[in-house]
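For reference, the structure is listed below as structure tokens.
The values are calculated or read from the model by the stated rules, or taken from the named source; none is laboratory data. None of the values given here were measured: they were computed from a predicted structure. Backbone-built Cβ (ideal geometry, glycine too); neighbour counts: all protein chains shown. Ligands, DNA and RNA are stripped out before the accessible areas are found, and what is left, the full protein with its side chains, is counted by its heavy atoms. Shrake-Rupley method; radii C 1.70, N 1.55, O 1.52, S 1.80 Å.
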Amino acid sequence: MNKNFTFGMLTLGQSPRTDIEPTFRAIWGEGVLFMQRGGLDGLSIPAIAQLAPTGGEPGIETCVTSSDNGRLGVFVSKKHLLPRLVSAAHELEMQCHNIVLLCSGQFSALKQAVPKLIEPIVFIRSVVASLAGHAHVCVIGPESDMDEAPAQWSPYVARVSVAAASPYDPGERLVQAACRAREIGADYILLDDMGFTEEQRRLVRAISGIVTLNATSIAARVLQELV
């Protein structure tokens, strides 16, 4: 472990992501310095509300810090978010050895602007295909992503089902999603959002009795090779 290694984390919402860093820290240990920046850093909740999609434009769910220092899910326009992400990524680029996007989706325009940026979804797909490519996978993620999830994952697994639950929803939504996966006979569950924690993965596994893969822990284990 290189104790002089600085690893940049770029989140779509607001940093620090105290829900994600512990998963990385548990796998990597204490020897790495994490530096975080977010596309919505410095904005108030009313200002963020002004970035909501309009006229059918694409949006994405992310999280911000709530008034009680918890995490609050918000839905923002990709078009408005992109330049802020590019700026935050460039700041990290100047100070970090590597930068990871804390998102299980792809932003081609962001990657083009910041080639050094690592998009975990590229290798998460390969891991899921290797482990569960022969099987029925229930994808759990934010409701806004579920319409596209079957098309995104069907090239990598034999059968795809979905159950909507965000990492920032009340706990019962995740419990319901886990129960749905069990009821439909899924062989594997994929928690397809980087906001899902190890605690939530264990909860879903316990309730469903199904092998549960978490995008966040997959990313942390693969990226450990860089440290």
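So the values come out like this:
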read-out: Close pairs from the stretch 74-100: first touching a residue at least 40 places away in the same chain (Cβ under 8 Å) and closer than 18 Å to Glu119 by Cα, partner aliphatic (A, V, I, L, M) and open to solvent by 70 Å² or more (accessible area, probe 1.4 Å), Cβ under 6 Å, at least 6 apart; value: Asn98/Leu226
read-out: Matching option when the condition is open to solvent by less than 70 Å² (accessible area, probe 1.4 Å) and touching a helix residue (DSSP H, G or I) at 6+ places or on another chain (Cβ under 6 Å), among Ile27, Ile48; value: Ile27
read-out: Test result for Gly185, open to solvent by less than 60 Å² (accessible area, probe 1.4 Å), within 15 Å of Gly105 (Cα to Cα) and in a loop (DSSP other than H, G, I, E, B); value: no
read-out: Enumeration of residues in the stretch 195-227 that are crowded, with 21+ Cβ neighbours inside 10 Å, assigned to a strand (DSSP E or B) and either more than 13 Å from the chain's Cα centre (by Cα) or among the aromatic types (Phe, Trp, Tyr) (or both); value: Thr212
read-out: Test for Pro83: is it more than 23 Å from Ala215 (Cα to Cα) and open to solvent by 30 Å² or more (accessible area, probe 1.4 Å); value: yes
read-out: Counted residues, the stretch 30-45 - those being in contact with a helix residue (DSSP H, G or I) (Cβ under 7 Å, 6 or more places away or on another chain) and touching a residue at least 60 places away in the same chain (Cβ under 8 Å); value: 1
read-out: Residue pairs meeting the criteria (Cβ under 8 Å; at least 6 apart or on separate chains; first charged (D, E, K, R), in the stretch 157-177; second buried (at least 21 other Cβ atoms within 10 Å of the Cβ)); value: Arg159/Val137; Arg173/Ala165; Arg173/Ser166
